[in-house]
Amino acid sequence: MPEYNSWRAFYLLEPWGWQDREYRTAAQMAMLFNVNKGKRVHAKKVKDFVRDMVAGITGAIKQRAEEKRYLAMSDDEKQAYIKDWFRYAGWDVK
């Protein structure tokens, strides 16, 4: 148990994992943008480059559920589904 607590304390001081890499990458991108921006362009902050991971994961889960639902459809249902998407995009479908 003392070793576990030591690792917990170390993690609080020096975090590791995808969150750390995400922040580090965003900080580098902000630095590169700000060094190379024009005079009339506003500087970016690190948070401007951090991805919304929860939204990304949620979107991937919804997409997978939609794929499963589509694969379970009959051919006629698939054609109607595709036509609905074309109509939604503003394309005229017969």
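Residues of region 1-37 that are acidic (Asp, Glu) and either surrounded by 10 or more Cβ atoms within 10 Å (Cβ to Cβ) or assigned to a helix (DSSP H, G or I) (or both): 3, 20, 22.
The listed residues are 87, 64, and the only one of them that is under 30 Å from residue 23 (Cβ atoms) and not aromatic (Phe, Trp, Tyr) turns out to be 64.
Of all residues in region 38-68, those satisfying the criterion of being assigned to a helix (DSSP H, G or I), under 17 Å from residue 24 (Cβ atoms) and free of Cβ contacts under 8 Å to residues at least 24 places away in the same chain are 46, 47, 48.
Restricted to region 19-57, and to residues that are touching a helix residue (DSSP H, G or I) at 6+ places or on another chain (Cβ under 8 Å) and aromatic (Phe, Trp, Tyr), which residue is modelled with the highest pLDDT?
49
The values are calculated or read from the model by the stated rules, or taken from the named source; none is laboratory data. Since this is a predicted model, take the numbers as computed values, not measurements. Here Cβ is always computed from backbone atoms with ideal geometry, including for glycine, and neighbour counts include all displayed protein chains.
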